1. Quickly rank 343-352, 47-56 as a protection proxy: mean count of other C-beta atoms within 10 Å, highest first.
2. Mind computing the radius of gyration and Dmax over the alpha-carbon atoms of the range 322-365? Å is fine for both.
3. When the chain is fully extended, how far beyond the present Cα-Cα distance does Gln98 get from Ala70, taking 0.36 nm per residue of separation?
4. So how strong a dipole does the range 75-211 carry about its Cα centre when Lys and Arg Cβ are +1 and Asp and Glu Cβ are -1, to the nearest 20 debye?
5. Please report, in whole Å, how far the alpha carbons of the range 62-133 spread along each principal axis, starting with the longest.
6. One quarter of the convex hull surface, Cα atoms only: what value does that give for the range 261-315 in nm²?
7. When the dipole is taken about the Cα centre of the range 148-281, and only Lys, Arg (+1) and Asp, Glu (-1) are charged at their Cβ, what size is it in debye, to the nearest 20?
8. What relative contact order, as a whole-number percentage, does the chain give when Cα pairs under 8 Å and 6 or more residues apart are counted?
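Derivation of every value follows stated rules applied to the coordinates shown; laboratory data play no part. Keep in mind the model is a prediction, meaning the values are calculated, not measured. A quick note on method: Cβ atoms are made from the backbone with ideal geometry, for glycine too, and the neighbour counts reach across all protein chains shown.
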Amino acid sequence: MKTQLIKTAAAALLSLTLWNCNTTDPEPVPYESGVYVINSGNFLDNNGSISFLPRNSSTVITDIFNAANARTFTGGVQDYTEIDGKGVVLVDNSTAGQDKVEIVLTGTFKSVKTLAAPDVENPRFVVRAGNNKAYVTCWGATGSGANFFANPGYVLVLDLAAQTITKRIPMPKAANRMVVIGNEVYVGSDAGDPTLVVINTDTDELKQPAITVGANTNPIAADANNQLWAYSGATNEMVRINPANKVIAARLKVGGSPKSPGPFAISADRRTFYFVNSFYDPADNFRQKGETYRFNIDATSIPAATPFINRLFIGLDVDPQTGTIYAGITPSFKQAGFVLRYKPDTGILTDSVRGEIAPSRFFFR
């Protein structure tokens, strides 16, 4: 009997051992639901990073790309988005020819592909343009002084399934922000071109004609009525555009002072815009100063007279799930910044979290 028990126990142990050898634990996904903080870093130090901040916690997990890959981005981080299980990180190095796009697995930040120069030069923004497809605006190689924007800009078309660049769409100089509405992407620029360029995402071709708005115009967001809002730097106006017929429906001057608006963010219900209005004070060694304001999409003017939050931020966004306002503070580009969270209805501060250098953008997941 004892022998039989020993044989039975041995068989059970062998079976368990074989089962363990043929099964693997699922790979942990440390970054499920929360906020990625895009830290641009100090440009000359090339020390940009991405942090993870849970919605219900005040503890930041820093430099998650380095933790997953045992290497840093080696550049400033410009933008980030997620498309069909892949994350797309835009990295801008201070040395020409060192820029890149890092493709990572969402949730773990494991790198799966690096797309580099000369295809990628001065990447600015990235958006989803379809299934497994991303658009990336690039300035191209830059010059100096008055000829800084020496080359035309372009939009790279990325196939994230194949992890390749499939096309390069020509753009005006200093191609910059993008907004997606339906099967169209609206592209702005910062070097004097007066138009918003429109791309058909089904064909990856330009739609003609472009929309003439004013020099240095960039799209901001589509509102609750599916109207496109853009900011025109030449005229200091928020411009509302009907995407169906490409007609400008309204032009609203922002404030009445020499302050410059931006960054912008739109509320979770897409009915309210928040924006920072800032200036460089010559009486205080040209320190940047400013406040944060808001306006409703039905407003007929934007006086920017009474601040909603009496602080200057370099980063500003709204969590579409909770409505919470996220803002980035940078004491200097040589030390850690802070992420501040505010109630969207009152502007009351919820908490302040110490992060990394220059928290300038946010991605909510």
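1. Working: 343-352: 12.4, 47-56: 19.8.
Ranking, from highest mean packing down: 47-56, 343-352.
2. Expressed in Å, the Cα Rg and Dmax of the range 322-365 come to 10.9, 33.
3. Details: separation 28, 0.36 × 28 = 10.08 nm, distance 1.88 nm.
This chain segment gains 8.2 nm when fully extended.
4. Values: 12 positive and 15 negative charges, 24 e Å.
Dipole about the Cα centre, nearest 20: 120 debye.
5. Largest first, the range 62-133 extends 31, 29, 17 Å along its Cα principal axes.
6. On the way: hull surface 16.5 nm².
Here the figure is 4.1 nm², rounded to one decimal.
7. Values: 12 positive and 11 negative charges, 57 e Å.
With Lys and Arg at +1 and Asp and Glu at -1, about 280 debye.
8. Working: 945 pairs, mean separation 39.5, N = 365.
The normalised contact order for the chain reaches 11 percent.
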